[in-house]
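All of the numbers you see were taken from the coordinates with simple rules; none came from a lab. Nothing here was measured: the structure is a model prediction, and the numbers come from that model. Cβ: placed from backbone, ideal geometry, glycine included. Neighbour counts: every protein chain shown.
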C-alpha cells in the first residue's frame, strides 16, 4: 500500500507511513469481519470530521462513567470473542485451500527463482 504514495527513489516513505498505517488499521478485513481498529478498541476511530461536530459541553455524572465503562468492557469482550471465532474460521478456510498441495523441498544447490 505504501508503494502507491512514495516517490521514484523511495526517499519519502516516512512521510506517508502514519496515514497509510491508519488506513490499514481502519479498513475492513474479511478474516475479522471488521477493522483491526474496531477489534482492538471496540469502537470506530474518531475522524477529524467527527471532531468538527462533537459536542464538548457534556459533563459526566459519576453513574454515567460506571455505566459507560461496563458497556465498553462488555463490548470489548464480545468483540474479542467474535474476532477469535472469525480467526478460527479464516484458519480453517486457509487449511482447506492447502489440502492436497504437496510441500516443495529444496536441497542446497538446487536452482531457484529469487
Could you say whether any residue in segment 47-58 is part of a loop (DSSP other than H, G, I, E, B) and touching a helix residue (DSSP H, G or I) at 6+ places or on another chain (Cβ under 7 Å)?
no
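Among 90, 95, which is within 30 Å of the chain's Cα centre (by Cα), loosely packed, with under 11 Cβ neighbours inside 10 Å and in a helix (DSSP H, G or I)?
On the way: 90 fails: loosely packed, with under 11 Cβ neighbours inside 10 Å.
Only one candidate qualifies: 95.
May I ask you to say which residue of 32, 17, 2 is surrounded by 12 or more Cβ atoms within 10 Å (Cβ to Cβ), in contact (Cβ under 8 Å) with a residue 12 or more places away in the chain, within 26 Å of residue 90 (Cβ to Cβ) and more than 14 Å from the chain's Cα centre (by Cα)? Spell out the reasoning first.
On the way: 32 fails: more than 14 Å from the chain's Cα centre (by Cα); 17 fails: within 26 Å of residue 90 (Cβ to Cβ).
Exactly one of 32, 17, 2 is surrounded by 12 or more Cβ atoms within 10 Å (Cβ to Cβ), in contact (Cβ under 8 Å) with a residue 12 or more places away in the chain, within 26 Å of residue 90 (Cβ to Cβ) and more than 14 Å from the chain's Cα centre (by Cα), namely 2.
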